[in-house]
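What follows is one structure encoded as structure tokens, with my remarks underneath.
The values are calculated or read from the model by the stated rules, or taken from the named source; none is laboratory data. Everything numeric in this text was worked out from a predicted model, so none of it was measured. Backbone-built Cβ (ideal geometry, glycine too); neighbour counts: all protein chains shown. Protein only, heavy atoms only, side chains kept; ligands, DNA and RNA dropped before computing areas. Shrake-Rupley method; radii C 1.70, N 1.55, O 1.52, S 1.80 Å.
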Amino acid sequence: MSEDKESAEAIVSEVHKKIRAAFDVFDHELNKTVDVREIGTIIRSLGCFPNEGELHDVIAEIEEEEPTGYIRFEKFLPTMTKVLMERNVGVPSPCTPSTGSPSPLSPLSPTHRVDLPGYHRVFRPIPEDLLLQAFEVLDKQKKGHLELEELTKYMTQEGEPFTQEEMEEMLSAAMDPDKNLIFYKDFVSMMTLDDPR
Amino acid sequence: MGCGFAKSDQLKKRDRETSLLVPAATAMRAALLIQRWYRQYVARLEMRRRCTWNIFQSIEYAGEQDQIKLYNFFGYLMDHFTPASSERNLISHIFRENNICRNVDWERYFCYKSIEVPELYSGPHLSFPITCSNAAELVEAFKNKQQLHSRYVLQLLGETWRLLRILPNISQISTCHSKEITICGDLHGHLEDLLLVFYKNGLPSSEKPYVFNGDFVDRGKDSLEILLILFSFLLVYPNDVHLNRGNHEDHIVNLRYGFTKEVLGKYRLHGKKILKLLQKIFSWLPLATVIDHKVLVLHGGISDTTDLHLISRVDRHKYVSALRPPKRTRQNRSGMIDSDLEDDDPTSKPVDSSRRRVHSLTHSSSTGSRHEVQRRSLQGLNNRVTCSVEEELKERRRQAGLSQSYGDLRNSLANSDSDPDSGELLESYGDEWKQIVDMLWSDPMPQDGCVPNDVRGGGCYWGPDVTEEVLRRHNLTLLIRSHECKQEGYEFCHNRRVLTIFSASNYYEVGSNRGAYIRMGPDLVPHFIQYQANRATRALTLRQSVGRTERSALRALREKLFAHKSDLISSFQEYDPENTGLISLGHWACAMEAVLRLGLPWRVLRSQLVGDTLDGMLDYHLWFRELAITEPNTELSNASLLETMYKHHSNLETIFRIIDTDNSGLISFEEFRQTWKLLSSHLQTEISDEAISDLAVSIDFNKDGSIDINEFMEAFRLVGGDLLQNERDPH
């Protein structure tokens with residue numbers, strides 16, 4: 001029993017260190033604060049996949065009562081620890097799709113599960129096959145590729161639209177320069193290859 | 001903007017066609033998922049990019065610190081060893097640089113007239129006084145990879161020296177409506193960047209004044225060409241081209257960072273003369289430029305004691321190397337007094353007798369006590385340096401509130417001599433010297449105050465309050481400085497009162513950063529022009545460029561890991577008392593920082609450095625094997641010697657180059673042995689004669705029994721290419 005407790009403490013302290021290391025990378029003034037605009041990068045770089053709305057919820061929770069434009073580490077740490085711990089405990093590991101192969105987009109539908117206590121949906125990694133399905137949904141004619149305009153339209157007009165900059169950056173990586181087409185299967189596997197996990 | 005509208009019109013047309021195909025709700029969910037995923041991906045890239053930057057910067061600054069420690073050690077040897085001791089002899093010449101530079105002698109010494117330009121020479125020709133078309137031809141010639149004949153080089157440098165001597169320490173210049181001033185930061189031998197600036201902005205002329213803010217040389221491969229171009233424009237337009245000295249315009253710094261090697265490689269016959277002349281020229285470079293009495297431009301920065309009036313009065317050329325304060329007089333062994341000062345300078349006459357030397361001679365009369373003193377103060381020095389470094393890095397860099405005072409730093413930089421009289425002697429130059437070091441070496445920090453710059457090892461960190469105070473005191477509005485690489489090429493800090501400008505793009509690695517220059521008119525509002533010299537990088541996606549830069553950073557880091565292998569292993573073993581060969585990743589991160597002290601976010605870097613783990617446990621022996629560094633091809637049995645060599649690669653090269661007094665690039669076996677002896681006393685570790693002999697045997701000697709420094713250093717590189725001197729990709 002006490003051993004369990006010890007190891008749980010060890011896990012928490014390791015999670016704390018991880019959060020701190022990521023936070024420190026953006027703490028340019030070394031005063032345990034970061035610019036609120038970089039919080040998304042920090043949270044996501046810790047392996048979480050929130051959408052913009054969910055991110056705002058988290059920021060609202062950790063921001064000062066009078067927002068200063070900066071987030072303090074003391075505020076960030078407990079929230080982020082909770083997030084990462086819940087993710088570790090509550091969610092099946094992404095490498096074992098034990099939930100059974102999801103029917104097309106079914107895990108996508110309850111977009112507002114974030115209202116429930118806990119963050120595990122917000123921060124659950126997106127499996128590669130699910131991502132591919134999303135692209136396939138957009139590729140109505142099942143051509144195996146999307147056209148530049150198609151992808152741009154969906155990404156800048158639907159959901160939480162990309163900025164011009166985000167769009168250009170995505171296209172520069174996604175588009176086949178000779179054909180001006182997005183072969184999304186190649187794109188997805190190229191991008192997930194970079195993922196260390 | 002116009003084209004954006006056209007695009008979206010097009011999109012709307014397509015819209016109507018495609019929206020019929022995918023049900024809106026499904027499309028939205030799919031888009032959301034892709035956006036969520038992509039934004040996470042970009043965030044991860046951004047984190048990697050920042051970490052890469054941290055790696056490069058940490059390694060760069062650790063190298064500077066190393067350099068200064070080594071230099072302090074030499075200074076220490078000079079002060080504490082008898083003039084006849086062999087260690088002193090080997091290095092004394094670096095402190096005695098100007099003894100052949102007295103006007104009469106050195107005019108003869110540097111005489112270029114005897115050097116014939118052969119008819120076969122196809123490079124550019126210069127005529128003196130130099131003209132603007134000469135200067136433009138030089139630019140063109142260097143663009144086409146031609147070399148300037150050594151006769152012209154020497155002549156150009158001689159003329160430059162003559163001109164620089166009459167320039168004030170601080171150049172006062174003014175803008176007017178027709179003349180915007182262009183300000184460039186560090187170039188570091190990146191000729192490509194200078195050419196690009198000229199291409200975009202035009203060559204210097206009386207209509208187009210320029211300020212070049214120091215660090216023209218080192219690191220890049222065309223430092224000399226940059227100097228020759230800048231000097232020739234300076235000669236043509238002395239009122240419109242302004243060069244400020246940087247911390248790399250220093251012959252001691254050049255030993256480590258490549259400029260010495262570059263010159264000797266390009267001018268085998270006359271390289272040594274060129275270097276001597278440059279050493280002198282560097283000491284005569286002006287220290288700062290003030291625009292319209294309002295904007296101060298200097299290389300590093302300021303400190304709480306910066307006083308431009310004092311600076312305008314110093315004899316700047318006494319500071320041949322800013323790393324060490326000059327002495328009033330020195331006596332070399334032949335009894336000749338060598339002075340750093342020119343004969344035409346009335347203050348140059350020796351005033352004090354060399355009490356200092358006498359004092360250390362008395363020490364040496366009793367050998368025992370001399371060694372005791374040596375050990376004690378060396379350790380004191382090392383401890384002080386290590387302690388402060390440790391503290392500094394623990395809080396990462398720039399933490400204010402260190403207990404160490406500036407005085408401590410000054411003492412440790414000057415030397416750790418505790419002789420009561422030495423202080424007195426230094427006193428008169430101490431303040432001046434500190435002013436100059438602060439100008440050349442300092443960096444701004446976000447906190448108020450002024451603390452020693454322990455990360456670089458020289459100068460200070462100054463805060464916004466110091467900026468306010470110094471600008472107010474001098475009635476200035478803006479400080480423009482360089483000295484630090486910035487990803488965008490420029491950066492404001494201190495409430496936009498301090499502006500950093502850096503003009504060497506791709507400084508750490510292709511794609512690592514943009515370069516920039518400033519244009520400024522009479523309103524004194526800076527306008528920035530950014531660029532990236534390498535054509536290929538502009539086409540890279542964020543992912544590709546992060547990946548590429550990261551690989552190179554990790555390679556440099558792996559080199560560090562490998563060099564500290566035995567320390568790391570023993571640190572890992574402390575976390576592994578049962579000797580299972582496994583440690584947790586948390587312990588791994590702790591051990592990494594404890595040994596390497598680079599202040600890096602190891603937990604973030606973990607995924608880049610550690611491959612497979614067994615249930616979160618790392619097999620550290622296996623990990624070292626998998627770091628997959630090609631070991632050099634030698635049968636050297638002494639692993640610890642090998643490790644020392646990797647760890648102190650740059651120090652070793654610096655000592656080699658110092659010992660190679662005739663700059664031939666070759667040293668004898670005896671000198672080779674002496675180098676190691678010096679290194680081992682610097683590191684306070686034993687390196688046996690036997691191990692050194694082994695090492696000497698394992699490498700190829702030239703037939704005459706000498707060792708080629710370049711070949712030797714190449715043979716013992718862990719990974720091809722020095723971190724900061726990477727060859728550019730050909731494309």
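Tell me, yes or no, whether the stretch B:261-278 has at least one residue that is surrounded by fewer than 23 Cβ atoms within 10 Å (Cβ to Cβ) and either under 20 Å from residue B:298 (Cβ atoms) or in contact with a Pro (Cβ under 8 Å, 6 or more places away or on another chain) (or both). No, the conditions are met nowhere in the stretch B:261-278.
Every test in (1) surrounded by fewer than 20 Cβ atoms within 10 Å (Cβ to Cβ); (2) within 9 Å of chain B (Cβ to nearest Cβ); (3) charged (D, E, K, R) is passed by residue A:44 save one, and that test is (1).
Does any residue of the stretch B:150-162 turn out to be assigned to a loop (DSSP other than H, G, I, E, B) and not acidic (Asp, Glu)? Within the stretch B:150-162 (the criterion being assigned to a loop (DSSP other than H, G, I, E, B) and not acidic (Asp, Glu)), the answer is no, since none of the residues qualifies.
Of the strands (runs of 3 or more DSSP E) entirely within the stretch B:427-521, those holding at least 1 residues that are touching a helix residue (DSSP H, G or I) at 6+ places or on another chain (Cβ under 7 Å) and open to solvent by 10 Å² or more (accessible area, probe 1.4 Å) occupy B:450-452. Filtered by the rule that a residue be at the interface with chain B (Cβ under 7 Å from one of its Cβ atoms), open to solvent by 20 Å² or more (accessible area, probe 1.4 Å) and not hydroxyl-bearing (Ser, Thr, Tyr), the stretch A:147-172 gives A:149, A:158, A:159, A:160, A:169. Any idea how many residues of the stretch B:522-536 are in a loop (DSSP other than H, G, I, E, B) and in contact (Cβ under 8 Å) with a residue 12 or more places away in the chain? Going through the stretch B:522-536 one residue at a time, the tally reaches 5.
Going by the structure shown, is residue B:188 closer than 16 Å to residue B:229 by Cβ and open to solvent by 10 Å² or more (accessible area, probe 1.4 Å)? Taking the combined requirement at face value, the residue does not satisfy it. Across the stretch B:591-607, the qualifying residues are those that are more than 9 Å from chain A (Cβ to nearest Cβ) and closer than 19 Å to residue B:574 by Cα, and the one among them that is most open to solvent (accessible area, probe 1.4 Å) is B:597. Residues of the stretch A:53-62 being touching a residue at least 12 places away in the same chain (Cβ under 8 Å) and either within 8 Å of chain B (Cβ to nearest Cβ) or farther than 20 Å from residue B:44 by Cβ (or both), which ones? Matches in the stretch A:53-62: A:53, A:57, A:61, A:62.
Taken over the stretch B:113-162, the criterion of being surrounded by fewer than 19 Cβ atoms within 10 Å (Cβ to Cβ) and among the hydroxyl-bearing types (Ser, Thr, Tyr) is satisfied by B:114, B:121, B:122, B:127, B:131, B:133. The set of residues in the stretch A:130-139 being closer than 24 Å to residue A:178 by Cβ, at the interface with chain B (Cβ under 7 Å from one of its Cβ atoms) and open to solvent by 10 Å² or more (accessible area, probe 1.4 Å) is empty.
Name the residues in the stretch B:169-185 that are part of a strand (DSSP E or B) and over 20 Å from residue B:226 (Cα atoms), would you? If the condition is that a residue be part of a strand (DSSP E or B) and over 20 Å from residue B:226 (Cα atoms), then B:170, B:171, B:172, B:173, B:176, B:179 are the ones that fit. Can you pull out the residues in the stretch A:16-33 that are within 25 Å of residue B:463 (Cβ to Cβ), more than 7 Å from every other protein chain (Cβ to nearest Cβ), of a type outside the set (A, V, I, L, M, F, W, C) and in a helix (DSSP H, G or I)? Of everything in the stretch A:16-33, just one residue is within 25 Å of residue B:463 (Cβ to Cβ), more than 7 Å from every other protein chain (Cβ to nearest Cβ), of a type outside the set (A, V, I, L, M, F, W, C) and in a helix (DSSP H, G or I), namely A:20.
Taking the stretch B:231-255, which residues are part of a helix (DSSP H, G or I) and either hydroxyl-bearing (Ser, Thr, Tyr) or open to solvent by less than 10 Å² (accessible area, probe 1.4 Å) (or both)? Break it down into steps so the answer makes sense when it comes.
First, pick out the residues of the stretch B:231-255 that are part of a helix (DSSP H, G or I): B:231-236, B:251-255.
Result: B:231, B:232, B:233, B:234, B:252, B:253, B:254.
Which fully enclosed helices (runs of 4 or more DSSP H) of the stretch B:1-103 have 3 or more residues being within 14 Å of chain A (Cβ to nearest Cβ), modelled with pLDDT under 75 and open to solvent by 10 Å² or more (accessible area, probe 1.4 Å)? Before you say what the answer is, go through the steps one by one.
Numbers: elements: B:2-18, B:24-80, B:86-92.
Qualifying helices (runs of 4 or more DSSP H): B:2-18.
When restricted to residues that are of a type outside the set (D, E, K, R), more than 21 Å from residue A:192 (Cα to Cα) and at pLDDT below 90, the stretch A:35-54 contains 1. Does the stretch B:207-230 include one or more residues that are open to solvent by 30 Å² or more (accessible area, probe 1.4 Å), touching a Lys or Arg at 6+ places or on another chain (Cβ under 7 Å) and not β-branched (Val, Ile, Thr)? Within the stretch B:207-230, one or more residues are open to solvent by 30 Å² or more (accessible area, probe 1.4 Å), touching a Lys or Arg at 6+ places or on another chain (Cβ under 7 Å) and not β-branched (Val, Ile, Thr).
All conditions but one from (1) free of Cβ contacts under 8 Å to residues at least 12 places away in the same chain; (2) under 19 Å from residue B:56 (Cα atoms) apply to residue B:472; the one that does not is (2). Pairs linking a residue in the stretch A:10-39 that is of a type in the set (Ser, Thr, Tyr) and buried (at least 16 other Cβ atoms within 10 Å of the Cβ) to a residue that is outside any helix (DSSP H, G or I) and at pLDDT 90 or above, with Cβ atoms under 6 Å and 6 or more positions apart or on different chains, are A:33/A:70; A:33/A:72. For residue B:174, indicate whether it is touching a Cys at 6+ places or on another chain (Cβ under 8 Å), of a type in the set (Ser, Thr, Tyr) and on the phi < 0 side of the Ramachandran plot. No: the conditions fail for residue B:174. Residue pairs whose Cβ atoms lie under 6 Å apart, sitting 6 or more positions apart in sequence or on different chains, and linking a residue in the stretch B:566-579 that is among the charged types (D, E, K, R) to a partner that is assigned to a helix (DSSP H, G or I), are B:567/B:595.
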